[in-house]
Amino acid sequence: MFLIQEAIEVSEVQLTVHVAKDGEQAVQFFDRVDGDSDMPCPALVILDINLPKKQGGDVLKHMRQSRKCSGALVLVVSTSDSAQDRERMAKLGADGYFRKPSAYDEFMKLGEIVKKLLNGPPLKEIDSPR
Amino acid sequence: MTRNHAKALAALSAGANLPQIVFAEIMETLPAAMYMTDAQGRLTYFNRAAAKLSGRTPEIGTDRWCVTWKLFLPDGTPLPHDQCPMAVALKGGDVPTGIEYIAERPDGTRFWFTPYPAVLRDAEGQIIGGVNLLIDITDRKNAKLQIDEQFRAIIETTPECVKIVARDGTLLFMNPPGLAMVGASCADTVTDKNIYNVIAPEDRERFREFNETICGGKKGSLQFEIVGLNGERHHMETHAAPLRLTDGTTVHLAVTHDVTERKRAERASLLLNAIVDSSEDAIISKDLDGVITSWNKSAERLFGYTAGEALGKTVADLLIPEDRQDEEPNILARLRNGERVDHFETVRRRKDGSLIDISLTISPVKNLEGVIIGASKIARDITESKRIQARLLESEARFRQLADTMPQIVWTARPDGRVDYYNERWYEFTGFSRVAFEESNPESILHPDDIEETRRSWYTAVRSGEPYNVEHRFRDRRENRWRWFVGRAIPVRDAANNVVKWFGTCTDIDEQKRVEDQLRRANRDLEQFAFSASHDLQEPLRSVKIYSELLAKRHSDKLDSDALTFLTFLRNGATRMETLVCDLLSYTQATTFDGPDELVDAREVLKTTLENLRGAIEDSSAEITADPLPSLPVARTHLQQLFQNLIGNAIKYRSPERPPAIHLRAERQNEYWIFSVTDNGIGIDPEYKEKIFGLFKRLHSSDEYSGTGIGLAICQRIVDRYQGRIWVESELGRGSTFRFTLPL
């Protein structure tokens with residue numbers, strides 16, 4: 001969490017960040033957006049795969065079926081490097097995939113990717129070096 | 001002698017005044033039979049010729065009307081004497097002349113004659129008597145018949161063909177039976193009126209020569225075949241003689257008969273004789289008293305008696321042992337009733353006294369009128385089949401004994417799939433009755449879910465003749481639970497490859513099955529655990545690494561040199577742990593991917609591998625070469641992992657004395673490829689040849705060589721997945737060759 005926020009700060013993108021602590025909270029968040037006309041849909045959802053209570057895939061599936069947020073951009077951020085996970089999340093409608101690196105400098109590159117996603121046309125495969 | 005002449009004679013005797021003695025003298029010398037009667041027809045006189053012709057001595061004054069014994073009309077009907085021409089004339093009737101009659105003598109001989117009766121009258125015209133002259137015409141009659149009526153009758157009523165043929169083959173005459181034989185309605189319809197046209201082509205020349213011979217004046221006979229106008233072939237036998245015509249030419253007169261039937265019968269009889277003689281079975285015929293009337297070669301062979309010794313003897317005396325003498329009267333009684341005796345197995349005695357087992361089939365023989373006159377008897381030697389049967393029983397007993405000692409359920413089935421035997425284990429397991437075989441219904445103890453599949457497998461096997469192999473559950477009545485069995489059966493075939501029997505077993509695999517299941521479950525759990533663990537382990541490791549880095553980066557001014565060194569240890573440990581987790585993850589995933597259906601080009605995989613290893617290759621100045629590599633049906637990632645691990649190891653464990661030289665090769669052997677990776681590195685102590693493929697097995701500390709001890713375990717796991725093998729051949733200090741097999 002700390003590193004993601006730092007990476008966004010470093011990239012100098014102006015964002016309001018909402019944080020859900022687990023899969024269940026994330027699902028509840030999308031339901032609340034759907035039910036409250038004052039709450040806007042997030043421009044970008046940064047999603048891990050391995051989440052407590054509800055898996056990232058289930059959260060994504062739920063979001064894509066929601067009234068207001070079905071079209072939001074989704075960037076998957078995960079420690080998993082398995083091809084299966086990448087393929088599964090792409091199929092569910094992820095717009096990008098970032099594998100969490102174990103070096104600080106590498107991690108900071110996430111900010112650039114978030115910037116590109118928000119400004120440019122959606123990239124299907126945004127990757128980090130392996 | 002005429003009628004006028006007779007009248008004159010009558011006039012002479014009555015009217016002319018000739019002395020009686022002279023008259024009598026004349027009458028006696030007459031060569032014709034003559035007699036005289038009074039007006040009532042009573043015999044008054046007869047001459048010697050009359051007595052001779054009639055064959056009797058007529059009685060004067062007693063015989064009336066005629067001197068003959070018996071009279072007949074020409075058609076053979078008897079004629080009473082008082083209606084004979086003489087009687088008719090005396091009674092004033094008109095007598096027609098020239099009528100022929102037949103008379104019979106007392107000795108039974110007959111003769112033909114023509115009577116010439118005349119009436120004698122006195123001066124007033126009163127009938128005073130009669131005179132009759134009998135002219136014998138027998139010779140003439142016979143002669144005429146011989147030439148004419150009789151001959152015609154003969155040639156027309158004979159069933160033989162009678163024909164007259166000219167020297168050039170022209171058919172001059174043929175009787176109706178002959179025409180019927182050649183299929184013609186009259187002689188004119190025979191083609192060109194020429195006899196040669198109906199002779200079978202192969203016999204035509206012979207017949208022409210024969211015709212020439214006959215017309216040349218010689219007698220002869222010939223057998224030949226004809227092809228009738230209707231296309232039918234007949235076999236003919238002809239007897240011919242030359243016939244001289246009034247114009248001086250000689251023609252061929254022949255009586256020919258159809259011997260086709262006789263020939264056929266001869267052939268059939270020859271065939272029958274041949275069959276009887278060549279039969280393996282003894283064929284004997286006997287009359288109803290049991291006397292032997294025929295005896296073939298096999299009978300000689302079987303019983304030892306020659307035909308000469310056997311014919312005329314009774315079966316009872318010759319062949320039947322003392323203790324079976326009651327059989328023959330029984331058999332003869334049944335034959336007299338017209339019954340057949342089929343496959344009667346008994347014992348007979350040979351000439352040398354030895355006994356043989358035979359099977360008898362006896363049928364009554366009837367004559368043309370349908371009366372039973374004897375029997376034909378076929379005797380077959382069954383000593384051999386008895387012996388085989390005994391041996392069969394013995395081998396079956398042995399088989400059962402063996403089957404009963406086996407720990408499995410053993411059964412046999414007929415070619416149609418019906419089970420006809422179970423061993424002791426079956427009865428022990430099922431508790432079914434050993435006596436009531438129909439109680440043994442396998443389906444009654446089969447798990448309901450397995451009935452359909454088991455039935456289908458068995459029917460398929462029986463239909464195709466392929467071995468049967470199926471796993472199913474049987475109810476174990478003793479433990480009151482289901483047990484797994486594998487049912488297997490193979491067909492036993494005869495020389496003609498027909499299935500004659502099925503030999504089957506049911507083997508208890510319950511324990512094995514349970515262990516397998518447990519093992520599978522344990523493996524699956526372990527994989528699942530390893531996968532989740534390595535996933536979940538990565539996240540905290542990453543945190544340790546990244547925050548220790550941040551600590552060193554942002555707070556180094558607050559840390560002393562000891563703390564910084566510890567931080568480095570912390571990061572190195574985390575890095576090693578990360579590699580370990582990563583490798584463990586690929587190990588668990590090594591078999592979870594399904595291989596692709598298309599072929600993978602090993603050369604391309606090698607290219608990618610070398611690309612990935614570029615850093616290590618450049619650092620070590622390794623030289624890597626390869627023979628041509630094939631395409632094969634495996635997952636690309638699997639082949640890549642194999643190459644990467646083996647080549648990576650070859651570089652890692654290089655000799656400090658020389659730059660690494662690594663060579664790849666693939667050879668085809670039977671149903672698979674053998675890949676080899678040969679290096680010139682440090683080599684492996686033979687003691688550890690097997691051990692190195694185990695998980696986390698390392699021969700060196702991580703200070704000497706980095707690594708997790710998972711690479712070769714991954715290789716082992718991948719080749720296992722393809723039912724392949726991996727092994728190493730090595731010499732310490734010289735290098736190693738790793739080999740692995742993959743499917744074609």
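The values are calculated or read from the model by the stated rules, or taken from the named source; none is laboratory data. Only a predicted model underlies this, so the values are computations on that prediction, with no experimental measurement involved. As a convention, Cβ positions derive from the backbone with ideal geometry for all residues, glycine included, and neighbour counts pool all protein chains shown. The protein model used for the area step is the full one, side chains on, heavy atoms only, and it has no ligands, DNA or RNA in it. Shrake-Rupley method; radii C 1.70, N 1.55, O 1.52, S 1.80 Å.
Once you list every other residue whose beta carbon is under 11 Å from the beta carbon of B:Thr68, what net charge do they have if Lys and Arg are +1 and Asp and Glu are -1? Numbers along the way, then the final one.
Working: positive: B:Arg56, B:Lys70, B:Arg105, B:Arg110; negative: B:Asp63, B:Glu104.
For residues surrounding B:Thr68, the net value is +2.
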| Round to a whole number: what % of the accessible area of the protein assembly as shown belongs to carbon and sulfur, probe 1.4 Å? | 52 percent
| remark: Given pairs A:Lys54/A:Lys115; B:Lys652/B:Lys691; A:Lys115/B:Lys607; B:Lys351/B:Lys386; A:Lys100/B:Lys558 and cut-off 26 Å on Cα-Cα distance, the over-length ones are A:Lys54/A:Lys115; A:Lys115/B:Lys607; A:Lys100/B:Lys558
| task | List, in order, the whole-Hz ³J(HN,Hα) value for each residue of segment B:577-583 obtained from phi through the Karplus relation with A = 6.51, B = -1.76, C = 1.60 and θ = phi - 60°; use x for Gly and Pro. | result | 4, 5, 4, 4, 5, 4, 5
| request: Write out the GluC sites (Glu not before Pro) in segment B:398-502 meeting two conditions: DSSP loop, and at most 13 other Cβ atoms within 10 Å of their Cβ. | output: B:Glu479
| query | How long are the three semi-axes of the equivalent ellipsoid of the protein assembly as shown, in whole Å, if each is the root of 5 times an eigenvalue of the C-alpha gyration tensor, listed from largest down? | reply | 137, 37, 31
| note | Sequence order, segment B:678-686: Karplus ³J(HN,Hα) from phi using 6.51 cos²θ - 1.76 cosθ + 1.60, θ = phi - 60°, Hz rounded, Gly and Pro as x, gives 10, 10, 10, x, 6, x, 10, 4, x
| request: Please work out the Cα center distance from segment B:657-674 to segment B:248-315, rounded to the nearest Å. | output: 86 Å
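Tell me the relative contact order for segment B:210-332 as a rounded percent, counting alpha carbon contacts under 8 Å between residues six or more apart.
Numbers: 169 pairs, mean separation 17.2, N = 123.
Reported as a whole number, the value is 14 percent.
From the gyration tensor of the Cα coordinates in segment B:25-64, what semi-axes in whole Å does the equivalent ellipsoid have, largest first, with each one equal to sqrt(5λ)? Could you put the intermediate results ahead of the total?
Values: eigenvalues 60, 27, 9 Å².
Whole-Å semi-axes of the equivalent ellipsoid: 17, 12, 7.
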| note | Taking placed amide H atoms and a strict 5 Å upper bound, the residues 5 or more places from B:Ala282 or on another chain that come that close are B:Ala379, B:Asp381
| said: Need one value for B:532-539: mean number of C-beta atoms belonging to other chains within 10 Å of its residues' C-beta atoms. | reply: 3
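Taking a temperature of 25 °C and a viscosity of 0.890 mPa s, what whole-number D in µm²/s does Stokes-Einstein yield for segment A:1-84 with Rh from Kirkwood over alpha carbon pairs? All intermediate terms of the calculation are to be shown ahead of the outcome.
Numbers: Rh = 13.6 Å.
Estimated via Stokes-Einstein, D reaches 180 µm²/s.
Write down Rg/Rh for segment B:148-263, rounded to two decimals, with Rg from the C-alpha atoms and Rh from the Kirkwood relation over Cα pairs.
Numbers: Rg = 13.2 Å, Rh = 14.1 Å.
Value, to two decimals: 0.94.
Before rounding to the nearest 500, sum -39500 (n - 2.57) across all DSSP H runs of length at least 4 in chain B and divide by the residue total; then give [θ] at 222 nm in deg cm²/dmol. Don't skip to the answer; put the middle values down first.
Working: 22 runs with 287 residues, N = 744.
Roughly -12000 deg cm²/dmol at 222 nm, from the helical runs in chain B.
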| task | Compute the separation of the alpha-carbon centres of segment B:433-470 and segment B:709-729 and state it in Å as a whole number. | result | 41 Å
| task | Among B:Ile710, B:Ala661, B:Leu742, flag the residue with its Cα farthest along the positive direction of the charge dipole of segment B:591-743, charges on Cβ as +1 for Lys/Arg and -1 for Asp/Glu. | result | B:Ile710
| query | What whole-number value in cubic angstrom gives the convex hull volume per residue for the C-alpha atoms of chain B? | reply | 443 Å³
| remark: In vacuo Debye sum over C-alpha of segment B:333-440, base-10 log of normalised intensity I(q)/I(0) at q = 0.23 Å⁻¹, listed in q order, is -1.19
| Can you give the average number of partner chain beta-carbon atoms within 10 Å of each beta-carbon in peptide A:103-112, as a whole number? | 2
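If you average the sequence gap of Cα pairs under 8 Å that are 6 or more apart and divide by the length of segment A:1-90, what percent do you get for the contact order?
Reported relative contact order: 29 percent.
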| remark: In degrees rounded to 10, the 0-90 angle between helix B:448-464 Cα long axis and the longest Cα principal axis of chain B is 50 degrees
| Taking N as the number of residues in segment B:591-743, what is its Cα Rg relative to 2.2 N^0.38 Å? | 0.99
| query | At a probe size of 1.4 Å, how large is the accessible area of B:Lys691, to the nearest 10 Å²? | reply | 110 Å²
| field | Span per principal axis, largest first, for the Cα atoms of segment B:248-343 (Å) | value | 83, 31, 24
| query | Largest first, how would B:Tyr468, B:Tyr459 line up by accessible area (1.4 Å probe)? | reply | B:Tyr459, B:Tyr468
| note | Taking every other residue with Cβ under 14 Å from the Cβ of B:Ala316 and scoring Lys and Arg +1, Asp and Glu -1, one gets -2
| message | Placing one identical point scatterer on every Cα of segment B:387-508 and ignoring solvent, what is log10 I(q)/I(0) from the Debye formula at q = 0.09, 0.14, 0.15 Å⁻¹? | response | -0.26, -0.62, -0.72
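In debye to the nearest 20, how big a dipole does the protein assembly as shown give about its Cα centre with +1 on each Lys and Arg Cβ and -1 on each Asp and Glu Cβ?
Numbers: 114 positive and 131 negative charges, 174 e Å.
Dipole size: approximately 840 debye.
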| note | Partner shielding of B:468-477, as the mean number of partner chain Cβ atoms within 10 Å, equals 0
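So what is the relative contact order for chain B, in percent, with contacts set as C-alpha pairs under 8 Å and at least six apart? Can you show the working numbers first?
Values: 1243 pairs, mean separation 34.0, N = 744.
Once normalised by length, the contact order is 5 percent.
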| task | Using all C-alpha to C-alpha distances in segment B:515-586, build P(r) with 10 Å bins and read off the rounded percent in each one. | result | 19, 34, 22, 14, 8, 3, 0
| field | Degrees, to the nearest 10: B:711-721 long Cα axis against longest axis of chain B | value | 20 degrees
| request: Write down the accessible area per residue of segment B:626-744 in Å², having rolled a 1.4 Å probe over the full set of protein chains. | output: 49 Å²
| query | Around B:Ala666, what is the net charge, scoring Lys/Arg as +1 and Asp/Glu as -1 over all other residues with Cβ under 11 Å from its Cβ? | reply | +2
| said: Ordering B:Glu671, B:Glu731 by accessible area with a probe of 1.4 Å, largest first, what comes out? | reply: B:Glu671, B:Glu731
